[in-house]
Structures are given as structure tokens and as C-alpha cells.
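Colleague: I have a structure I would like to understand better, so I am pasting it below and will then ask my questions one at a time.
Here, each number is a calculation from the coordinates, and none is a lab measurement. These numbers come from a predicted model, not from an experiment. Note that we place each Cβ from the backbone using ideal geometry, even for glycine, and neighbour counts take in every protein chain shown.
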Ligand code: NAD
Ligand code: G6P
Ligand code: MN
């Protein structure tokens, strides 16, 4: 069996140890010969790199493991790049969340003004790693889940149209786990139809492999409980603030009972509730810094101090195995059906061809083939069109260095009540993002 060389870009990510553990757990399905971490923050990555070096030596000595900040070393002789970079790290996520809240506006990692700010930072970082990949391993595929995925995907479409980058999100994966628990199935038993933009879509069908439709059963449950489940099957999204989000799906279904909603729609359909429940002094960035980030980096330091990883400090991120499914689909031409972020080109019949949409696709060694989802109703279409234009205008503003366009993009976002508020937030974001954003004139 062929063995693969993988580089994880954003090696210092809080998700890196869980994903490495998951890759080790999947050696029978996706064997590795080389595993490299790449980051542009030497110190942050070294903490995880040293701990993982110990873990790999103990558990998988045949896999050649290294970590580096040198692009040539990282990207030479690689088959897959798993990308999860966060340009500006948690310090900037905190700004993205807190600045809008000062003006009574949703402060969120990927939605509204926070997502736009993050997008303008991510584009530079993403283009940088795509260029490294293309220079040193032109045959390599990038499996990208760096956020904000919708803006990143649009930037890739416009700025690197030929790059071998596949954009994917784990929210539908986590929510499908919840749905499968609700109806007593496993995610692999189910096949869905879905349309939307990233963090902005709906399930129109959830069937088992025999063709039995479960949409109405799941809706009946969600109308009462949202996506809260008895057993925690979606291990990625478990903190109390995430439980609020799963519960809120009930209100999302109330306004549009036709389809099952993506949880992220709460930021667009109930921004007032979101702001009312927010603590502007302690946002999700603070929760993660005090929670996941601390836990993961403390675990790494403990492994290095003990000189062994046998104490079970790192945990397998089993939910991330969809990334192996994706890599396998390309490596072995499995034709796996997965939700991907792709150029529409007719998949949603009454939506622009050049929109980056999230729809089920067949994935094989040639790349992705979107499956036709037909025409969508006017309510969803209108919401999506407005959000699509926000995302497109952000990328245009980036390319043109245009203050005016970015102001318009913010004004168009459903999360912002007026052009006046949009301008005030924009001016604060420009200050906070100096050195990260292109200069705007
Ligand atoms: P993190 O800050 O812990 O890790 C990100 C790492 O990226 C940091 O070590 C940072 O130094 C590094 N980095 C930043 N800019 C870089 C560049 N230009 N080149 C190389 N490395 C760079 O963040 P995290 O919370 O672990 O999240 C990582 C990413 O994964 C984020 O973009 C997050 O939004 C994304 N994510 C996406 C999904 C999804 O569904 N698509 C799910 C979970 C996380
Ligand atoms: C979901 C989304 C990701 C997002 C993450 C945030 O998984 O699909 O795009 O990055 O949630 O989770 P966090 O725990 O960092 O708030
Ligand atoms: Mn996502």
C-alpha cells in the first residue's frame, strides 16, 4: 500500500495534537511515511512539535516526523497539506469578537464584521501557503479548513483559480452526528441533500442507504430540542456556549420550517438575541484561550517534562476523521459523497454560477463534482444572495485596497443595522488589524 507524506499547516493549532492522534488511529486506511508540521510562529509550534515527536517515537517510529518554520522543508515532497491556520491567532479573534460588540453588533469568529476582519487577514496567509505548496510540491492537494472558509474559498477562486485546494467545514459533520443520534443511526448510514454558503445553509433531505427519508422525524425533534442530544456525539462542539447554539436551532426552524438549518444561521436571523446573551468582556475567544488552548498546551508541556506521552495527555479527535475520508477520496478515488465548498456552476439552479456554495459533492482523484440540488425557495435564496455579495465584496475590497467597498460589504451584512454603525466598526477594525490587512484607501 502506498504511504503518504502530509504537512499540517498551522502546526501550532489547538487542533494539531487531536488530528495527529486521529491520523495515527487511521493508519490502516491512510498510511503515512512522513508527517510534518509547518507554522510561522516558531515558539508556539515548538511546544506541540516536541511533544508530538515523543508521541510519534513511542507509537509510530516508522513515520518520519518533523516540525519547521521553513516553507521549503515543509512543502517539499508532500502529497497532502492539511491547512488550519489562524492569521492573528487568538489575540485577533478576541478583537474580532469584542469590537463589534462595542456597537451592539454580533461579535463572532466567522460571521458578521468579525468574520470579515478575519477574512481580510486569512487571505494573505492562505495565498502564502498555497504558493509554497505549488512551488515545492505542485502535485500536492491542500485540504483546507482555515476560516472564514467562505471568504477564503472565494479568494482562492478569484486569486488562485487553478490551485489544488479543497475547502471543507466540520459544522455539517458535527450536526449530522447529532441528527444520526436523534434517529438512532450512524452518520455513515445517512446520505443528505443540502444547499447554502459555508456557515449559511439548510438540509433538504436526510435519508438512510435504503432511501427512507428522516427529514420530518428530525424536524419534529429539533422543533422541541434544537440539536441538543442525549449523548454527546458531536465531540467538537460541547462547551456550554455551543449547547446554547444547538438549542437555538429550534428558533431557526420556527422561522423556516421547510428545512433543517445550519446552526450558524442564528447570527443572521437572531442577531439581537445573540448580542443580548453575549458578554462583551468575555467572549468565545476567552473561553477557548482558557479552555481548549490551555488544556492542549499544558498537555504538551507535561509530555515534554515527563519525556513520555504514555500518560494519555493528548486525545484523538475522532470527529476529524472526515479529513481522512477526504484525503482517501483523492488518494484512492473512492467517490465519497461529502459536503464541500465549491463553485456553484449550476449545482443550485437559481443561484449565480460563480458563487462558492456548500453542497454535496462526489470526491475522487480528479477533485470534486458537485451534485445538482435544483432550485431553492426565495426566502433562502434572498438571504444567501445578500451574504454572497458581502463575501464577494470583501475579496474585491482586499484586491483593490478599497475602503469604500469594505464599508459597503459591512453595510450589506444582515448583522449590521446601518452604514453609520458599519463605518464606526470598520474604523476600529482597521486600527486593530494594522500589519494584517492590506492598506485601504
Ligand atoms: P490556533 O490559533 O490555535 O492555531 C492556528 C495556527 O496557525 C497558529 O499556531 C498560528 O501561528 C498559525 N498561523 C497563523 N498564520 C500562519 C501562516 N501565515 N502560516 C503558517 N501558520 C500560520 O487556532 P485554532 O483554534 O486551532 O484554529 C485553527 C484554524 O482552524 C482556524 O482557522 C479555525 O477557524 C479553523 N477551524 C475550522 C473549522 C472548520 O469547520 N472549517 C473547524 C475548526 C477550526
Ligand atoms: C465549528 C465551525 C468552525 C469553527 C469552530 C469554532 O466547528 O465549523 O468553522 O472554527 O466551530 O469553534 P470554537 O470552539 O473555536 O469556537
Ligand atoms: Mn466551519
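Colleague: For segment 171-232, state the average projected area of the convex hull of the C-alpha atoms over all orientations, rounded to one decimal in nm².
Modeller: 4.1
Colleague: Would you calculate the volume per residue, in Å³, of the smallest convex hull containing every Cα atom of segment 326-441?
Modeller: Enclosed volume per residue, from the Cα hull, is 130 Å³.
Colleague: From the helices alone, meaning DSSP H stretches of at least four residues, give me the mean residue ellipticity at 222 nm for the chain, per-run term -39500 (n - 2.57), in deg cm²/dmol to the nearest 500. Write out the running numbers ahead of the final one.
Modeller: Numbers: 17 runs with 210 residues, N = 441.
So the helix-based figure for the chain works out to -15000 deg cm²/dmol.
Colleague: Which value does Rg/Rh take for segment 7-78 over its C-alpha atoms, Rh per Kirkwood?
Modeller: 0.93
Colleague: Which percentage, to the nearest 5, of the DSSP beta bridges contained in the chain is antiparallel? Could the numbers behind the result be given before it?
Modeller: Values: 24 of 47 bridges.
Of the beta bridges lying entirely in the chain, close to 50 percent run antiparallel.
Colleague: Hey, could you grab the Kirkwood Rh for segment 401-441? Inverse mean 1/r over distinct alpha carbon pairs, Å, one decimal.
Modeller: Numbers: mean 1/r = 0.0966 Å⁻¹.
When all Cα pairs of segment 401-441 are included, the Kirkwood radius is 10.4 Å.
Colleague: Express the C-alpha Rg of the chain as a ratio against the empirical globular expectation 2.2 N^0.38 Å, rounded to two decimals. Spell out each step's value before the answer.
Modeller: Numbers: Rg = 20.9 Å, N = 441, 2.2 N^0.38 = 22.2 Å.
Dividing the Cα Rg of the chain by 2.2 N^0.38 Å gives 0.94.
Colleague: Give me the base-10 log of I(q)/I(0) for segment 374-423 at each q in 0.16, 0.24 Å⁻¹, Debye formula, one uniform scatterer per Cα, rounded to two decimals.
Modeller: -0.48, -0.83
Colleague: Related question: Please give the per residue volume of the convex hull enclosing the alpha carbon atoms of segment 244-377, rounded to a whole number of Å³.
Modeller: Spelled out: Cα convex hull of segment 244-377, divided by residues, is 175 Å³.
Colleague: What is the fewest-to-most order of 20, 206 by other Cβ atoms lying within 10 Å of their Cβ?
Modeller: Fewest-to-most ranking of 20, 206: 206, 20.
Colleague: What ranking do 290, 428, 39 get, fewest neighbouring Cβ atoms within 10 angstrom at the top?
Modeller: Fewest-to-most ranking of 290, 428, 39: 290, 428, 39.
Colleague: Out of all DSSP beta bridges with both ends in segment 115-237, state the antiparallel percent to the nearest 5.
Modeller: 75
Colleague: Can you work out the PRE-style zone for residue 372? Point 7 Å along Cα to Cβ, and I want the residues of segment 326-363 with backbone N under 11 Å.
Modeller: From segment 326-363, the list is 346-349.
Colleague: I've got another one for you. What does DSSP give for segment 1-151 in terms of the percent of beta bridges that are antiparallel, rounded to the nearest 5?
Modeller: Restricted to segment 1-151, the bridges split so that about 0 percent are antiparallel.
Colleague: With all pairs of different alpha carbon atoms counted, what Kirkwood hydrodynamic radius in Å does segment 168-306 show?
Modeller: 16.4
Colleague: Here's something else I'd like to know. Taking 1 over the mean of 1/r across every pair of different Cα atoms in segment 109-239, what Kirkwood radius in Å do you get?
Modeller: 16.8
Colleague: If you don't mind, another one. Got a sec? How would 361, 111 order by Cβ neighbour count within 10 Å, fewest to most?
Modeller: Fewest to most other Cβ atoms nearby, the residues stand as 361, 111.
Colleague: Take the alpha-carbon positions of segment 108-164, form their convex hull, and give its projected area averaged over all directions (one quarter of the hull surface) in nm².
Modeller: 3.5
Colleague: Still on this structure, I have one more. With the chain treated as a Gaussian network of Cα nodes joined by springs under 10 Å, which of 144, 262, 279 yields the largest mean-square fluctuation?
Modeller: The residue with the greatest mean-square fluctuation here is 279.
Colleague: So for segment 56-177, averaging the separation of alpha carbon pairs under 8 Å that are six or more residues apart and normalising by length, what relative contact order in percent results?
Modeller: It comes to 27 percent, rounded to a whole number.
Colleague: Taking every pair of alpha-carbon atoms in segment 41-101, what share in percent sits in each 5 Å bin, from 0 to the bin with the longest distance?
Modeller: Pairs per bin, as whole percents: 4, 13, 17, 21, 18, 9, 8, 6, 3, 1.
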